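Colleague: Below are the structure tokens for one structure; questions will follow.
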Amino acid sequence: MAQRILCFGDSNTYGTPPMEARGPGQRFGREVRWPCVMAEALGDVELVEEGLPGRTTQHDDSLMGAFMNAQPALRMALRSHAPLDRMVLMLGTNDFKARFGPTTGKIAAGIAGLLDIAASAEEAPRSPDMQITLVAPPAPIEAGLFRAEFAGAGAHGAGLAPALRALAEVRGIGFFDAGSVISVSPVDGIHIAAEDHVALGRALAAHLSAG
């Protein structure tokens, strides 16, 4: 039976290309997006892509809307797609926006809140055998179109992966550092290029297969 995998994240899970200007949302094709590449490499997978551009770990975004908060969205996804065999969770990039007053500790706490939801008495019984892999996103940089919006992100970005690794160890779940195989694009400092989507998808497939 095919394993059902939920990939839950933001624009880098959705497949937004690096942006040089604001405009209608673009999206890489299935042959590029890392969740699809991962599923193809794993084989016999029922993939659920749940990526929303702008999604945060815990914030009701005053500019983009309260629905950017991942907490209610994760509850809906876990219920809509249960039973799940795996969840691959990659969030945190949008929490580096200056208006959220980011610190690595605050972002890691937002991720911890999402893990609490997945492990809660309301959600866990729906997918009792679900394995979780926490993916640290590649560190953002201050560049291009989003330079002002992510001002200061460079000072905190490198610390998120170690913080999330420690969180995963405490929670007894899988961990993968995306920054070990890819980097954000210098075009806009937050999104990943097509070749890095493919590289991440293949690396995650190998990681999940080994685990």
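The values are calculated or read from the model by the stated rules, or taken from the named source; none is laboratory data. Just so you know, these numbers come straight off a predicted model, no measurement behind them. Please note: Cβ atoms are built from the backbone with ideal geometry, for glycine as well, and neighbour counts cover all protein chains shown. Please note that ligands, DNA and RNA were not included when accessible areas were found on the heavy atoms of the full protein model with its side chains. Shrake-Rupley method; radii C 1.70, N 1.55, O 1.52, S 1.80 Å.
Colleague: Just one of (1) in contact with a Lys or Arg (Cβ under 9 Å, 6 or more places away or on another chain); (2) open to solvent by 60 Å² or more (accessible area, probe 1.4 Å); (3) under 27 Å from residue 185 (Cβ atoms) trips up residue 106, so point out which.
Modeller: (1) is the only condition that residue 106 fails.
Colleague: Let me ask something else. Can you name the number of the only condition in (1) touching a residue at least 24 places away in the same chain (Cβ under 8 Å); (2) in a helix (DSSP H, G or I); (3) of a type in the set (A, V, I, L, M) that residue 88 fails?
Modeller: Among (1) touching a residue at least 24 places away in the same chain (Cβ under 8 Å); (2) in a helix (DSSP H, G or I); (3) of a type in the set (A, V, I, L, M), the lone unmet condition for residue 88 is (2).
Colleague: Let me ask something else. Just need a number here: residues in the range 39-89 that are under 27 Å from residue 199 (Cα atoms), more than 13 Å from the chain's Cα centre (by Cα), open to solvent by 40 Å² or more (accessible area, probe 1.4 Å) and not aliphatic (A, V, I, L, M).
Modeller: Final tally of qualifying residues: 5.
Colleague: If you don't mind, another one. Does residue 9 satisfy being at pLDDT 95 or above, open to solvent by less than 30 Å² (accessible area, probe 1.4 Å), of a type outside the set (Lys, Arg) and over 16 Å from residue 110 (Cβ atoms)?
Modeller: Details: at pLDDT 95 or above: yes; open to solvent by less than 30 Å² (accessible area, probe 1.4 Å): yes; of a type outside the set (Lys, Arg): yes; over 16 Å from residue 110 (Cβ atoms): no.
The answer is no for residue 9.
Colleague: Could you grab me the full set of residues in the range 91-120 that are of a type in the set (Lys, Arg) and in a helix (DSSP H, G or I)?
Modeller: Of the range 91-120, the ones of a type in the set (Lys, Arg) are 97, 99, 106.
Once the filter is applied, which keeps residues that are of a type in the set (Lys, Arg) and in a helix (DSSP H, G or I), the range 91-120 yields 99, 106.
Colleague: Only one residue in 28, 96, 100 is of a type in the set (A, V, I, L, M, F, W, C), open to solvent by less than 40 Å² (accessible area, probe 1.4 Å), without any contact (Cβ under 8 Å) to a residue 60 or more places away in the chain and within 23 Å of residue 185 (Cα to Cα). Which one?
Modeller: Values: 28 fails: without any contact (Cβ under 8 Å) to a residue 60 or more places away in the chain; 96 fails: without any contact (Cβ under 8 Å) to a residue 60 or more places away in the chain.
On inspection, the qualifying residue turns out to be 100.
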